[in-house]
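Working notes, beginning with the structure itself.
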Amino acid sequence: VQLQASGGGLVQAGGSLRLSCAASGSIFSFNHMGWYRQVPGKQRELVAVINDDGSTNYADSVKGRFPISRDNAKNTMYLRMNSLKPEDTAVYYCNVEVVPGLLDYWGKGTQVTVSS
């Protein structure tokens, strides 16, 4: 399975972007799929995850602004990023965790830059 993240770019504060993560192969079962982000010098942090049962979890900093969704027919996950803030600037990575702690996949990051 390969994951391809896209949709990043430069946007002004208050603007929106939609990130997409397309899986090259079918993922029939997984624990959760999610988005993470990382800025230089800091650890990668969780942004949002969507679980196998469709439930979602969000970092407090993005709750209410970044809805996560998936389209099983297209093997694609999305992150709609609304009301963007400069502190949202980071490289965003998508992840699929198949077996917790044992098997997961990462996509290459996509840069999101929010100007003030």
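The values are calculated or read from the model by the stated rules, or taken from the named source; none is laboratory data. Predicted, not measured: the structure shown is a model, and the values here were computed from it. A quick note on method: Cβ atoms are made from the backbone with ideal geometry, for glycine too, and the neighbour counts reach across all protein chains shown. In case anyone asks, the SASA skips ligands and DNA or RNA and just uses the protein heavy atoms, side chains included. Shrake-Rupley method; radii C 1.70, N 1.55, O 1.52, S 1.80 Å.
Distance between the pseudo-spin-label points of ALA73 and LEU102 (7 Å out from Cα toward the beta carbon): 3.3 nm. Distance between the modelled labels on VAL39 and ASP60, one decimal in nanometres: 1.7 nm (7 Å Cα→Cβ projection).
By the rule of a C-alpha distance below 19 Å, with chain neighbours fewer than 8 residues away ignored, the aspartates and glutamates paired with LYS74 are ASP52, ASP53, GLU97.
The residues of the chain expose on average 54 square angstrom of accessible surface per residue, using a 1.4 Å probe on protein heavy atoms. Within the same chain, lysines fewer than 8 places from LYS42 are excluded, and of the rest, those with a Cα less than 29 Å from its Cα are LYS63, LYS85, LYS108.
Of LYS63, LYS108, the order by accessible heavy-atom surface (1.4 Å probe, DNA, RNA and ligands excluded), from most exposed downward, is LYS108, LYS63.
Taking only protein heavy atoms and a 1.4 Å probe, the accessible area of the chain is 48% carbon and sulfur. For the pair SER24 and ASP53 in one chain, pulling the backbone fully straight at 0.36 nm per residue adds 8.3 nm over the alpha carbon distance. Basic side chains Lys and Arg get +1 at the Cβ, acidic Asp and Glu get -1 at the Cβ, and with that the dipole of the chain about its Cα centre reaches some 340 debye.
Modelled spin-label separation between GLN2 and THR113, with each label point placed 7 Å from Cα along the Cα-to-Cβ direction: 2.7 nm.
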